[in-house]
Structures are given as C-alpha cells and as structure tokens.
Amino acid sequence: MPRYARYTAIRASGAQYVLYQGNTINIDSPDTFAFFTTNMRKSNTLTRPKAITLIGNTFTSRNIDYPVRIFAGISDPPNLNGITIQSNSFRIIGKINNYYRSLINVREVPITENRRTTYYPTALLSVFNNKIRTTNLGSVVDGASTSRKDALQLLFLNNNTNNGRPYQTAKNNIGTTLKSIAYSKNALKGTIIWNADETKTKYIRITNLAGKAITTEQKLNKSSARNFSIPIKLVRGTPIKLQITEAKGNYRVNTTIIYQVK
C-alpha cells in the first residue's frame with residue numbers, strides 16, 4: 001500500500017469542449033495516482049467526455065500509477081472532436097506502476113440497469129507530438145476491457161518519443177490504430193499500425209456516406225506499420241467513408257472514418 005497521498009492533478013468528469021493548455025504540473029510525491037483523468041458523469045443523466053484537448057503542458061512526477069486515464073469518451077460522427085493529447089512533456093522520474101506500464105490507459109465503463117449491463121467505450125483518441133521521459137514505458141496507449149470488446153475504437157498515434165527516440169506502441173482492445181490519412185495524386189493514403197498484441201489481417205475500402213462501396217477491398221497483412229494507398233478521384237468538399245475490418249468482405253463490425261478533401 002502507498003504511504004503517501006495519491007494525487008490526481010486534473011480531473012475532467014463529464015467535461016466537454018475543454019482546452020487544457022500551457023500548464024506546468026510537478027507532483028513531488030512518491031505515490032502519484034494520475035496527471036489527468038476524464039470519466040463520464042453518472043448523476044441524473046450520463047454525460048460523456050468529448051472534445052477535450054490536452055496540449056502544450058508539462059507534467060513531472062516520481063512514481064505514478066496512471067499518467068493519463070480515459071473512460072467512455074465520445075466523438076461526433078466526423079471523428080474530429082474526441083480526446084486529443086498533443087505536444088505535451090511527460091517526465092516520470094520513478095516508475096509507471098500500472099500493469100502494462102502505459103502512459104495512457106483507456107477503459108470502458110459498465111452501467112447496469114434492469115439487470116442488463118451496457119459497456120461504454122471511447123470512440124476516438126489522438127496522441128501525437130508528445131515527449132516522454134521515463135525508463136520503464138511499456139506502451140503509449142493500452143485499452144482495458146472486461147467485456148472483451150474494444151475499449152477504444154479508433155486511435156491516431158504519431159510522432160511521439162520516449163527519451164528522444166520514436167515510440168509508437170499500443171496494445172489490448174483497440175479497434176484500429178492509424179498514423180495519418182491524406183489525399184494526394186488521386187489516392188487516399190495512410191498508415192495502419194498493428195498493436196503489440198494484434199495478429200489479424202486488415203481489410204480496407206472506401207464507401208459513400210450511405211455505405212455503398214466505391215473502391216475494391218484492399219488487404220493489409222500484419223506488420224508493425226503498413227502503408228496503404230487507395231486510388232480514387234475525390235471531389236473537394238464531398239465526404240466519404242474509410243472502413244476497416246478484420247473480416248474479409250464483412251463490414252458489419254468495422255472502424256469507420258469520415259474523410260473530406262478540403
């Protein structure tokens with residue numbers, strides 16, 4: 001058991017459309033719980049975290065259990081306003097004490113009503129350009145699920161470093177991890193990152209907003225990171241869907257990203 005108060009610097013229960021920027025947080029305790037945590041608010045009505053941005057902050061502690069912890073975050077359909085963790089500095093002088101030694105732990109929330117349990121995952125998390133300094137980092141993001149479904153549906157992960165070296169790792173119960181998406185030379189391009197414990201092949205296609213396929217299915221075999229390029233002529237301002245699945249030809253369960261050329 002810890003001998004000291006287990007501090008959490010920023011709590012954002014039920015927060016929506018919130019910006020945390022330019023803060024310096026130094027918790028000088030041997031047993032810190034978290035730098036930042038966000039969860040749904042359960043009193044009266046359920047209010048889930050959405051459109052939260054953590055940018056340009058500096059966090060320092062000794063031992064810490066969960067540097068960042070996220071529960072049941074949501075995003076509007078364009079997948080643009082989930083939870084964003086960008087360009088922060090994380091310095092952990094001691095150890096990260098959670099099981100997977102992850103910087104960011106994403107958990108689903110079970111709510112039981114009339115003897116029926118509903119599990120609320122997080123829709124979208126973007127993690128990029130963060131500088132981490134620690135000696136025992138196991139992964140940047142992990143998804144924890146008791147329902148065995150995805151605790152995190154879509155993760156954007158790019159340009160993070162640990163001790164000055166590139167570090168983009170994720171594991172456990174995460175639907176799809178992407179590095180980037182861009183349209184150039186009549187093709188939609190991007191990079192899919194396989195999480196540390198993933199083994200399945202990915203299948204990817206483009207559809208219109210009604211879900212009708214407008215490109216053929218592309219197969220992506222397991223790799224640490226696999227680039228894709230889907231030939232298509234897109235009209236500026238017209239949205240399309242990018243669908244990713246692990247079942248060939250079956251998109252009933254898939255990750256969907258809405259993309260629009262500006």
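The values are calculated or read from the model by the stated rules, or taken from the named source; none is laboratory data. Small disclaimer: the values here were computed from a predicted structure and weren't measured. Every residue, glycine among them, receives a Cβ derived from its backbone with ideal geometry; neighbour counts consider all protein chains shown.
Structure data summary
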| read-out | value |
| --- | --- |
| Residue within the stretch 106-128 that is surrounded by fewer than 18 Cβ atoms within 10 Å (Cβ to Cβ), at positive phi, at pLDDT 95 or above and under 16 Å from the mean Cα position of the chain (by Cα) present | no |
| Some residue of the stretch 84-105 being outside any loop (DSSP other than H, G, I, E, B) and more than 21 Å from T169 (Cβ to Cβ) | no |
| Matching residues in the stretch 175-189 - criterion: being over 15 Å from the mean Cα position of the chain (by Cα) and either assigned to a loop (DSSP other than H, G, I, E, B) or buried (at least 21 other Cβ atoms within 10 Å of the Cβ) (or both) | K185, N186, L188 |
